[in-house]
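So the structure is just underneath, and the comments pick up after that.
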Amino acid sequence: MSTITLRFWLLELYALTLALIRMPGGVHTDEAKYLLSIPYPHPPALRTLFALVREMPMQEFFIRFLIASALVQAVWLLVDIGYVLSHRRRKVLAISWLLSAAFILQAGTVMMAPLTALFGLVCVWLALRPQPFEKTSVPLLACLWFFAIFSAYQSVLYLPLLIGVLRAAHLSWRKIFFFLGFPLFLLGAYTLINPLALASLVHVSVQDATLALGMRLSNILWICAIAGSGIVTLAGIVGIVGSYRIDFIATLLLLLGFIALSSQDYYAILLTPVLCAGIMMLLAQRRISGELFIPLYVISTAVFVFMAFPRTSITPARMTMRFLEEQGIDGLVLIDGPFGHEWQYESIGLPIGRFTQTLSSEIEASAAAIVCTKKTCEEDISEQWVRMEGAPVEVWVHRL
C-alpha cells in the first residue's frame, strides 16, 4: 500500500470518528431542516440533495459521514499549495485545518457552516496556487459559485477571494461582474420571492442587536478562538495582515462582521480556511517553528474542544418517538408546547401536529397521542386522555 493510499484511509477513519461522536445526541432542529429540505433559512441546492436520500436507511449517519469525509479530504488542497514547504512545515499547514477546534466540533454535523467552510477552503486554494488561474476554467468557477451561494448565504463572504482569483487571471471587470454578479442577482430574486428565507436573513442581522458591546466583543473573541484553537487564530490573523493582500484582508473583515451580527459557535469554522491561509503565508516566510507549534496546537485544541463540545444527552424527540414506536402507537401525534423540526424528522412517518385549546374535537379524537414539551400539560388535557408511565416526557393516550 502506498503512503498516499494509507494517508487517505487514515483520513477516512478520522472522518468516521468525527461523524460517530455526533450520532448519540440525535438530530437537532437546524440539522432536521436540512435533512428534510425545509425551505428556510438557506437556498435549496444542497438541502434538496440531502432530502433525496430521505428514505435511505441511516440517512443521518450517511450525511454526517459524507460531510466529515469531504472536509477531511479537503486537506489535500492545503498539501497542494504547500508543496514548496518542507515536510514538517506542510504537516503544520495540514493540522492547522484538521485539528482546529471548530473543525472537530462541526465536521460531523449536518449543518451548512462546515460545507460553506469547504467552499472557503477551495477559494483559498485558488487564491494561493502558484499557477495562474486559466480563463478557460472561469465558467466552471462560476458554476461552483452559483452552487455555493444557492446552498448557503454565507458563501457570499468569500467573494473577495474569487474576485482576486479572476483579477489575477487578467479577466476584465465586465466579465467578473457577469460571472459573479449574475448568480448574486438570481439569489436576490430567489430571496425576495421566498418570504421565509428573507425573514431568516432579517432575523440573523438583528438577533444580537440587544447585546451590550462588551458581550458582543466577548462572543466575537470566543468564536475566533474556536476557529483556530487560539494559536492558529493569532498566527493566522498576523499572517493575513502582514501579507497586505487586499482579497484576504477583505474576506477576514467580512467574516468578522458577519460573526458580530450573529455570534453562533457553529460559525467559527467559516474563519478556519482564511486562518489556514495566514498560516501558509507565515510558513512560507519561515516564521513558524514546527517543533514548538505542533505540540502547543494539539494541547490548545484539546482545551477548546473540551470547553466547547455540547454536553447534551439524546434529544427528547428521538427518545419519545422511539418510546411511541415500542408501545405500538401509530397515528397523528399532537405536541403541546414548543417543538422544532427534529420532532418531524424523528417521527418515523407519523404525522405531527400542534395541540391547542381551540383544536377541533374531530382532530383531537383522531390523534393517537399527545406529547407535552412544556413543564406540564395536565391543565390542557381533557379527561378522555390518560398519561403513560415510563415515557421520556409527558405522553397522553386515549383512555380505554
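Some points to look at:
- Stretched out straight at 0.36 nm per residue, the stretch from residue 55 to residue 363 would grow longer than its current Cα-Cα span by 108.1 nm.
- Between residue 10 and residue 221, the simple label model (points 7 Å from Cα in the Cβ direction) yields a spacing of 3.7 nm.
- For chymotrypsin sites (Phe, Trp or Tyr not before Pro), the sites in segment 69-136 that DSSP calls loop and that have at most 14 other Cβ atoms within 10 Å are 83.
- For segment 91-202, the spread of Cα coordinates along the three principal axes comes to 40, 40, 19 Å, biggest extent given first.
- Heavy-atom accessible area, probed at 1.4 angstrom with all protein chains present, ranks 64, 167, 89 as 167, 89, 64, highest first.
- Convex hull volume per residue in cubic angstrom - Cα atoms of segment 192-300: 115
- Angle in degrees between helix 316-326 and the longest Cα principal axis of the chain, rounded to the nearest 10: 50
- Percent of Cα-Cα distances greater than 18 Å, calculated over segment 293-373: 53
- Gained length - residue 246 relative to residue 399, 0.36 nm times residue gap less alpha-carbon distance: 48.1 nm
- Computed on the Cα trace of segment 256-400, the radius of gyration divided by the Kirkwood hydrodynamic radius gives Rg/Rh = 1.26.
- Modelled spin-label separation between residue 45 and residue 87, with each label point placed 7 Å from Cα along the Cα-to-Cβ direction: 3.9 nm.
- Here residue 253 and residue 348 are evaluated by their C-beta separation; at R0 = 45 Å the FRET efficiency comes out at 0.45.
- The fraction of Cα-Cα pairs per 5 angstrom bin, counted from 0 for segment 1-59, comes to 4, 16, 17, 17, 17, 13, 9, 6, 2, 0 percent, rounded to whole percents.
- Nearest-ten-degree value, helix 87-98 long axis tilted from longest Cα axis of the chain: 30
- Tilt relative to the chain, helix 195-206 - C-alpha long axis, 0 to 90 degrees, to 10: 70
- Kirkwood hydrodynamic radius (C-alpha pairs) into Stokes-Einstein, the chain, 20 °C and 1.002 mPa s, D in µm²/s: 92
- Choice from 211, 115, 11 showing the highest fluctuation, given a GNM over the chain with Cα pairs closer than 10 Å: 211
- Computed per residue of the chain from DSSP H runs no shorter than four, each worth -39500 (n - 2.57), the mean residue ellipticity at 222 nm is -18000 deg cm²/dmol.
- Candidate cross-link partners of residue 33 among the lysines, defined by an alpha-carbon separation under 24 Å and a same-chain spacing of 8 or more, comprise 374.
- The phi-based Karplus calculation (6.51 cos²θ - 1.76 cosθ + 1.60; θ = phi - 60°) puts the 3J(HN,Hα) values of segment 264-275 at 9, 4, 5, 7, 4, 5, 5, 7, 4, x, 5, 5 Hz, whole numbers, x for Gly and Pro.
- Length gained when the stretch residue 314-residue 298 is fully extended (0.36 nm per residue, less Cα-Cα span): 2.9 nm
- For segment 326-349, the residues whose amide N sits under 19 Å from a probe point set 7 Å from the Cα of residue 378 along the beta carbon direction are 336-337.
- The order of 14, 297 by accessible area, most exposed first and with a 1.4 Å probe, is 14, 297.
- For residue 265, the solvent-accessible surface computed with a 1.4 Å probe is close to 70 Å², ligands and nucleic acids excluded.
- Exposure ranking of 307, 111, 23 by accessible area [1.4 Å probe, largest first]: 307, 23, 111
- Taking every DSSP bridge with both residues inside the chain, close to 45 percent are antiparallel.
- For segment 109-145 versus segment 317-348, the gap between their alpha-carbon centres in whole angstrom: 40
The values are calculated or read from the model by the stated rules, or taken from the named source; none is laboratory data. Everything numeric in this text was worked out from a predicted model, so none of it was measured. Neighbour counts run over all protein chains shown; Cβ positions are idealised from the backbone, glycine included. The area values use the complete protein model at the heavy-atom level, side chains included, leaving out ligands, DNA and RNA. Shrake-Rupley method; radii C 1.70, N 1.55, O 1.52, S 1.80 Å.
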